[in-house]
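Beneath this line is the structure, given in structure tokens, with notes to follow.
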Amino acid sequence: MTSAATDRAPVGVAVLGCTGSIGVSTLRVLDRHRDAFHVVALVAGSNHDALAEQVARWNPPFTGLVNGASDSRYRSGANVLVEAATRPDVDIVVNAVVGAAGLDATLAALRAGKRVALANKETLVMAGPLVAEAAAAGHGEVVPIDSEHSAVLQCATAQGALPSRLILTASGGPFRTWERDRMAHATIAEALQHPTWRMGSKITVDSATLANKALEVIEAHYLFGLGYDAIDVVVHPQSIIHAFVEFPDGSMLAQLGFPSMEIPILYALSHPKRLPDQGVRRFDPLAAGPLTFEPLRHECFPAFALGISAGRAGGTMPAAFNAANEVAVDAFLAGRIGFGDIATVIETTLARIACDVTHSLTAIRAADADARRLAREAIA
Ligand code: MG
């Protein structure tokens, strides 16, 4: 879809993962832009009550509940994501599903020529080349919602040259200053205390291990076509600057603001245009205070380097990394392993899995399944 949001109104939007943190923020943004956008489909995972409230408020033509077989009010089953994403009245699919479950909907939407406003970074990490192929085949496009990647896109749009280097910022998470021994025994509550962002539990734990930043480097590699040597990460505890973008002439642009997902969400809907919006807090450098930067402490955050190695290996390794991480985070949140075990489970899994250099969906699904099995064995 190349028509911008304001070329013809209203633009049809499907929100997948509508009851999660990004889904709720998306509806808040859409509520301020009812003239430009029309909510056509709402799909939740399993939260009946939150979905019922949203449906009452938005009355969309299509509603789905993935795990809702017992609820006759909604369409249910894994296929509802694809059904919603490929409807003819949908122009933009906001994919805010958590984890590997979002892949099919992204591919199907792109093949159907939709814009995918992507918060589901796991999709790109697992299957970056397939996502690009689907977009090319169907004339669809991916526009990132992830704040760092939105920052890169905002800096890179209409520059007349492609970025030559990126620096993604990382808050450092709740354990930025902790020693490794202390981190090994961190509690679930401590891991969920993110200093600057309020997010769902999976991505919050990923932000505590810095696996999230590895996923984001891989995501940036596929989105912006840069090699891994051209994507750096710096710890920036205030989360004010979201990314730096260097151009071939040595010029560096950065995008900044108080942490809020509503700006990247609105930009993913309106790109390359910008819509007026009074709903977000205006930036004030004095209120932001000093901005500081630190190197990433690799010895304390081994999940980061494991993810980057998987990205560099390519083929099915990023999908295996993602799957092992999902299983390990689930186990941590269920109280079955310690915080320090998350990286160990990933490392053990990746050491035992074979890398398939092909990018077929079959190979990716096999790697995903193998990695999940190996990770569960490592946990047991
Ligand atoms: Mg991010």
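The combined condition, being away from the ligand (no atom under 16 Å from the Cβ), in contact (Cβ under 8 Å) with a residue 40 or more places away in the chain, in a helix (DSSP H, G or I) and within 24 Å of Thr157 (Cα to Cα), is fulfilled by Leu269.
Within segment 63-85, the set of residues being surrounded by 14 or more Cβ atoms within 10 Å (Cβ to Cβ), out of contact with any His (no Cβ under 7 Å at 6 or more places or on another chain) and of a type in the set (A, V, I, L, M, F, W, C) comprises Val66, Val80, Leu81, Val82, Ala84, Ala85. With respect to Ser251, is the statement that it is over 13 Å from Ile167 (Cβ atoms), of a type in the set (Ser, Thr, Tyr) and surrounded by fewer than 16 Cβ atoms within 10 Å (Cβ to Cβ) true? Yes, satisfied. If you go through segment 246-262 and pick out every residue that is part of a strand (DSSP E or B) and either of a type in the set (Ser, Thr, Tyr) or closer than 18 Å to Phe224 by Cβ (or both), you end up with 5. Report, by residue number, each residue of segment 346-379 that is assigned to a loop (DSSP other than H, G, I, E, B) and at pLDDT 95 or above. Matches in segment 346-379: Ile353 only.
Restricting the search to helices (runs of 4 or more DSSP H) fully inside segment 78-177 and requiring at least 2 residues that are within 16 Å of the ligand (Cβ to nearest atom) gives 121-138, 147-156. Ile231 - would you say it is within 13 Å of the chain's Cα centre (by Cα) and either surrounded by 18 or more Cβ atoms within 10 Å (Cβ to Cβ) or more than 27 Å from Phe247 (Cβ to Cβ) (or both)? The answer is no for Ile231. Would you please name the residue that is nearest to the chain's Cα centre (by Cα), looking only at residues in segment 178-192 that are surrounded by 14 or more Cβ atoms within 10 Å (Cβ to Cβ) and part of a loop (DSSP other than H, G, I, E, B)? Across segment 178-192, the extreme among qualifying residues is Leu192.
The values are calculated or read from the model by the stated rules, or taken from the named source; none is laboratory data. All values reported here derive from a predicted model rather than from experimental measurement. Backbone-built Cβ (ideal geometry, glycine too); neighbour counts: all protein chains shown.
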